[in-house]
Amino acid sequence: MNQGYVRDLSKEDQIELQTISDLIFVETIVNGFYELKTIQVPLPADIPLGRIYTREKIGDLLLNENHFSILIETNDDKYLYQSSTVKIPSYVLRDRDRD
């Protein structure tokens with residue numbers, strides 16, 4: 001996952017990120033709501049195709065087993081990019097009650 005300030009990216013880097021992204025979301029003027037700017041792939045059946053998405057729905061897409069390349073641009077000049085090749089770590093909960 002890459003994240004940072006858009007102003008720190010060159011114009012070429014910005015274009016590359018936008019080109020390789022399956023989904024691009026741009027934050028609306030209302031905090032916590034994002035507009036779908038670009039879609040290059042079909043969405044899973046449990047994610048409705050719409051224009052405006054909440055943080056929770058975008059979180060569902062970021063953690064989805066289909067592993068989308070997602071670019072999110074925020075109102076405060078930040079970006080977050082997750083590649084479709086990201087590996088979500090697995091873990092085992094420890095039994096804290098053992099002696």
Being part of a loop (DSSP other than H, G, I, E, B) and either open to solvent by less than 70 Å² (accessible area, probe 1.4 Å) or not charged (D, E, K, R) (or both) is the filter here; which residues of the stretch 50-64 pass it?
Gly50, Leu63, Asn64
For the stretch 10-49: of the residues being open to solvent by less than 40 Å² (accessible area, probe 1.4 Å) and small (Gly, Ala, Ser), which is modelled with the lowest pLDDT?
Gly32
Is it true that some residue in the stretch 65-77 is open to solvent by less than 40 Å² (accessible area, probe 1.4 Å), under 19 Å from Gly4 (Cα atoms) and assigned to a helix (DSSP H, G or I)?
no
Unmet criterion (only one of (1) in a strand (DSSP E or B); (2) surrounded by fewer than 13 Cβ atoms within 10 Å (Cβ to Cβ)) for Arg7:
(1)
Any hit, the stretch 79-99, residues being open to solvent by 60 Å² or more (accessible area, probe 1.4 Å), in a strand (DSSP E or B), in contact with a Gly (Cβ under 9 Å, 6 or more places away or on another chain) and at pLDDT 90 or above:
no
Contact list please: Cβ distance under 6 Å, first residue in the stretch 39-61 and over 12 Å from Phe25 (Cα atoms) and among the small types (Gly, Ala, Ser), second residue open to solvent by less than 70 Å² (accessible area, probe 1.4 Å) and not in a helix (DSSP H, G or I), pairs at least six apart or on different chains.
none
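The values are calculated or read from the model by the stated rules, or taken from the named source; none is laboratory data. Computed from a predicted model, the values in this text were never measured in an experiment. Neighbour counts are summed over all protein chains in view; Cβ atoms, including those assigned to glycine, are modelled from backbone coordinates with ideal geometry. When the accessible area is computed, the model is the full protein with side chains, heavy atoms only, and any ligands, DNA or RNA have been set aside. Shrake-Rupley method; radii C 1.70, N 1.55, O 1.52, S 1.80 Å.
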